[in-house]
1. Can you give me the accessible area per residue for the chain, using a 1.4 Å probe, in Å²?
2. So what are the ³J(HN,Hα) numbers for segment 26-41, from phi and the Karplus equation (6.51, -1.76, 1.60; θ = phi - 60°), rounded to whole Hz, Gly and Pro as x?
3. Which value, in debye to the nearest 20, gives the size of the charge dipole of segment 6-70 about its Cα centre, when Lys and Arg are +1 and Asp and Glu are -1 at the Cβ?
4. Mind listing the long-range amide H neighbours of Gly16? Cut-off is under 5 Å, sequence gap 5 or more, other chains count too, H placed in the peptide plane at 1.01 Å from N.
5. When the scattering of segment 54-94 is computed by the Debye formula from its Cα atoms alone, each counted once and equally, what is log10 I(q)/I(0) at q = 0.21 Å⁻¹?
6. Could you give me the ³J(HN,Hα) list for segment 2-19, computed from phi with Karplus coefficients 6.51, -1.76, 1.60 and θ = phi - 60°, whole Hz, x at Gly and Pro?
7. What does segment 34-115 give for Rg and for Dmax, in Å, if only its C-alpha atoms count?
8. Within segment 1-100, which trypsin sites (Lys or Arg not before Pro) sit in a loop by DSSP and count at most 16 neighbouring Cβ atoms inside 10 Å?
Amino acid sequence: QVQLVESGGGLVQPGGSLRLSCAASRSIVSAAVMSWYRQAPGKQRELVVYITSGGTTTYADSVKGRFTISRDNGKNTMYLQMNSLKPEDTANYYCRLSWGISAYWGQGIQVTVSS
């Protein structure tokens, strides 16, 4: 069983920045797809960004130009840098990694954007 542990969430003012981390209990070098999702209260979980093993990256329109996904293979960790945060970015954020046909989710971490 693979464990994913997220960190870096919290309360930030509009226009501010946060960096989320997702640390995996196994090597991420061979991960097929790495992605971040979010779920706001009363809404469905939505895809924020994903990156494939081939390097293809796709962002949701709502975060393009503000969020950046990255990875550190040596630390088995992926990141989500979030800049110019808006109140509508408030949600629980989840990382998801897949190896072959198996996919694993983090426990979720709260991000609140409010003045």
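1. 52 Å²
2. 9, 4, 9, 4, 9, 4, 6, 9, 10, 8, 10, 10, 8, 9, 8, x
3. 40 debye
4. Here the answer is Leu85, since their amide H atoms fall under 5 Å of that of Gly16.
5. -0.79
6. Karplus values, whole Hz, x for Gly and Pro: 8, 10, 10, 10, 8, 8, x, x, x, 9, 9, 7, x, x, x, 10, 9, 10.
7. 12.8, 42
8. Sites meeting the loop and neighbour criteria: Arg26, Lys43, Arg45, Lys64, Arg66.
The values are calculated or read from the model by the stated rules, or taken from the named source; none is laboratory data. Quick caveat: nothing in here was measured; it's all calculated off a predicted structure. Note that each Cβ is placed from the backbone with ideal geometry, even for glycine, and that neighbours are counted across all protein chains shown. Keep in mind that these areas ignore ligands, DNA and RNA; they rest on the heavy atoms of the full protein, side chains included. Shrake-Rupley method; radii C 1.70, N 1.55, O 1.52, S 1.80 Å.
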